[in-house]
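Working notes, structure below.
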Amino acid sequence: MMIAPHAARPILRRRFGHAGAVLGWGVLGGLGFVGCGSSGGTSPSGAGSLTVTITASAGVTPSVAVSGPAGYRQSLSATQTLSGIAVGSYTVTAALVVVPNPIVATVDTATVTGGAATVSAGATATASVSYAARPGSGALWVANAPNALAATVLAYAAAQLAASTQAAPTTALATEGGQLGAAFDASGTLWLSTPNVIGAVPADQLATSGIPSFAVILGATGGSLNFPAALAFDASGTLWVANNGGNTVVAFAPNQLTTSGSPTPAVTLSSTGGSLNGPIGVAFDASSNLWVANNGGNTVVEFTASQLGSTGGPTPAVTLSATAGSLNGPAGLAFDASGTLWVANNLGNTVVALASGQLGSTGSPSPVVTVRATGGSLNGPFGVAFDASGGLWVTNPNGNTIVQFAASQLVLSGAPTPNVIVGGSSLAGPAGLAFDPSAAMLPLQLRARAGYTVQIPAGRLESRAGGGY
């Protein structure tokens with residue numbers, strides 16, 4: 001299935017397929033330092049010193065740990081000389097830090113110079129740690145899908161998203177093939193879906209505009225990929241893909257994402273009784289249950305975590321159907337911090353919310369909130385994602401805009417004017433979008449401290465087996 005040029009017809013107005021605290025986040029293992037012996041000051045007999053030089057940008061509080069003989073451990077956040085410590089081998093490790101922002105946090109990573117630090121009596125060993133922002137982080141990334149021959153993937157920095165703008169993106173990556181889905185893994189690699197191919201752009205290629213080299217390219221085998229339209233990672237790092245043209249959802253395990261090829265999916269979910277009908281949106285809830293938007297069937301279905309363990313055609317645990325236009329070409333899905341599911345209606349020009357209490361059983365619930373279009377605010381809405389403040393971002397492929405509704409605008413039904421409108425000539429059929437980092441890729445205990453609104457879902461979502469992020 002090919003995507004027609006944007007100038008010829010609307011890209012997405014149809015059914016696809018079938019009619020501030022800074023904190024540490026995980027220790028980077030294996031970062032050691034070679035100590036450079038030099039003469040130190042006076043030290044107790046049999047003791048020495050270790051100087052750890054730490055550099056970081058303003059606003060970044062490093063998270064460095066030193067471990068050594070007899071269970072020695074010291075945490076550092078700035079350059080320091082550890083004096084009078086026992087002789088022997090020491091290891092210095094540095095964790096990622098997340099710099100909060102009301103829209104999207106920035107991830108800083110550490111570069112270590114040296115190997116194992118050896119402290120000698122009466123001498124000072126040295127090591128250094130340097131922090132810098134991980135390329136790609138602190139931005140909203142948008143997949144443009146003008147046609148099947150050329151596409152762009154655009155990054156808008158948090159500072160650009162604070163107010164309406166027509167400014168050019170900070171980064172524009174040129175790719176082949178129309179882009180629909182976009183998702184970041186925990187390492188900051190950007191995964192993109194194109195017709196029958198999924199590609200991975202590593203973080204180090206996200207800093208500057210140009211033509212990236214895909215570090216990994218996954219091709220189709222036996223229908224494994226058939227117009228892949230949406231991507232989502234689960235808590236284990238498994239990549240889930242909605243095949244809009246094949247009426248399947250497939251999963252690639254982490255070990256299948258390291259090299260290019262055409263692997264057989266680790267799991268394939270097939271359609272049973274129309275359970276999958278033009279699937280085009282996927283999202284995980286806080287209990288690792290997978291929700292799928294059926295653009296061709298006007299339904300949203302749920303597969304529990306236990307149903308995702310093996311290939312088959314399971315009957316969805318929950319099927320939500322349309323009532324009075326509540327679902328009309330559903331596309332993008334996103335959960336807010338309270339466990340409410342938000343759905344972009346690509347054909348209805350609305351975004352609707354289904355409360356967590358409405359997600360427990362099959363039925364046709366009326367949305368608790370319906371955001372309607374005003375003045376082109378919603379024009380074929382497709383992708384949805386929440387920022388750190390609880391604001392909802394929506395792509396309008398038929399209007400060539402990205403809009404944000406503030407959290408305060410999502411409380412009651414209506415037709416609010418977007419809080420932020422991003423436009424400009426760079427946008428051409430914007431579809432999938434993803435924040436780097438996404439809140440889902442941060443461990444639960446770190447999200448609130450990183451600036452993200454966090455609330456443990458009550459009731460059903462909280463009690464489900466399968467763990468959480």
Boolean, residue 366 is over 21 Å from residue 404 (Cβ atoms), in contact with a helix residue (DSSP H, G or I) (Cβ under 9 Å, 6 or more places away or on another chain), assigned to a loop (DSSP other than H, G, I, E, B) and open to solvent by 20 Å² or more (accessible area, probe 1.4 Å): yes
Condition met for residue 265 (open to solvent by 10 Å² or more (accessible area, probe 1.4 Å) and either modelled with pLDDT of 95 or more or under 29 Å from residue 178 (Cβ atoms) (or both)): yes
Residue check, residue 402 open to solvent by 40 Å² or more (accessible area, probe 1.4 Å), within 22 Å of residue 101 (Cβ to Cβ), at pLDDT 95 or above and assigned to a strand (DSSP E or B): no
From the options 53, 93, residue that is in a strand (DSSP E or B), at negative phi, at pLDDT 95 or above and within 33 Å of the chain's Cα centre (by Cα): 53
Some residue of region 169-189 being among the hydroxyl-bearing types (Ser, Thr, Tyr), modelled with pLDDT under 95 and within 18 Å of residue 257 (Cβ to Cβ): yes
Boolean, residue 152 is part of a strand (DSSP E or B) and among the polar types (S, T, N, Q): yes
Scan of region 405-443 for residues that are assigned to a strand (DSSP E or B) and under 22 Å from the mean Cα position of the chain (by Cα), ordered by number: 405, 420, 421, 422, 430, 431, 432, 433, 434, 435, 436
Strands (runs of 3 or more DSSP E) contained in region 241-320 and holding at least 1 residues farther than 23 Å from residue 432 by Cβ and touching a Ser or Thr at 6+ places or on another chain (Cβ under 6 Å): 267-270
Among the residues listed as 222, 245, 237, the single one being of a type in the set (Gly, Ala, Ser), over 21 Å from the mean Cα position of the chain (by Cα) and at positive phi: 222
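The values are calculated or read from the model by the stated rules, or taken from the named source; none is laboratory data. The structure presented is a predicted model; accordingly, all values stated were derived computationally and were not measured. Don't worry about glycine lacking a Cβ; one is built from the backbone with ideal geometry, like all the others, and counts go over all protein chains shown. Note: accessible area is taken over every heavy atom of the protein model, side chains too, but ligands, DNA and RNA are not part of it. Shrake-Rupley method; radii C 1.70, N 1.55, O 1.52, S 1.80 Å.
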